[in-house]
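Nothing in this text is a laboratory measurement; each read-out follows from the coordinates by a stated rule. Please read all numbers here as calculations on a predicted model, not as lab measurements. Note that we place each Cβ from the backbone using ideal geometry, even for glycine, and neighbour counts take in every protein chain shown.
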Amino acid sequence: MSTTLYALAITAITISFFHTASGPDHYLPFIVLSKSKKWSLAKTVLWTVVCGFGHVLSSVILGIIGVYLGWQLNKISWLQDVRGNVSSWALFLFGLGYLFYGILKIYRKKSHKHFDVVGNEIYVHEHSHGKHSASHDHQKTKVTPLVLFAIFVMGPSEPLIPLLFFSGAHRSMPEVITLISVFTITTVITMVGMVLLGIYGYNLLNTEKIDRYVHAISGTVLSICGAGMLFLGW
């Protein structure tokens, strides 16, 4: 495995882990449904894995667009000799842009999915910090396994796109396959791990605080990866 592939794989693993572990919506619904509906451990893990693959699927579909764009970049004759630098700069600049976006998100009150437990049921609605209001009640949707699956499918992880764009620009299918594989495995394992920890009453991370910084963390990791390829020969 080349140094570049190692760097890309570690970047994908890091982004996937923080993206998944920092968001309570990736595991809290499964914990609540498991306890309120008295699911068996096997059923809880099964639905977590199914939704995890649905979440990854939407990310990969967007990522394939990145692969296609990178592949097309490779066909431009006058870019043949510099496409490596172009894709590295694109990764680096995307990382900086995503970092800036993450910093803005830290200081701006953005709405996000919020889960409420009412009796033995769980509901989801859009929620903004500092705006606790009964006006949200009519917007709540009862969470069922199928609704949960739909929520995960519609919530892709954007940072995977520039990584696959980079590999597409190199026409490297091993890189594409490796990135998709490690991203999938890390996402699903992290989701299952956090669900199991929650079911057994453990809370190792203050996820509410980490969630605010996940975009900035992802942007930082992408920037470091791009900078390493540009300036350190990764």
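A few notes on this one:
- Vicinal HN-Hα couplings computed from phi for segment 219-233 (Karplus, 6.51 cos²θ - 1.76 cosθ + 1.60; Hz; Gly/Pro x): x, 5, 5, 5, 5, 5, 4, x, 5, x, 6, 6, 10, 10, x
- A Förster distance of 25 Å, applied to the separation of the beta-carbon atoms of residue 86 and residue 177, puts the FRET efficiency at 0.65.
- Among the listed pairs 35/105; 105/142; 35/142; 43/140, those beyond 22 Å (Cα-Cα): 35/105; 105/142; 43/140
- Per-peptide average of other Cβ atoms within 10 Å, ordering 171-183, 13-25 highest first: 13-25, 171-183
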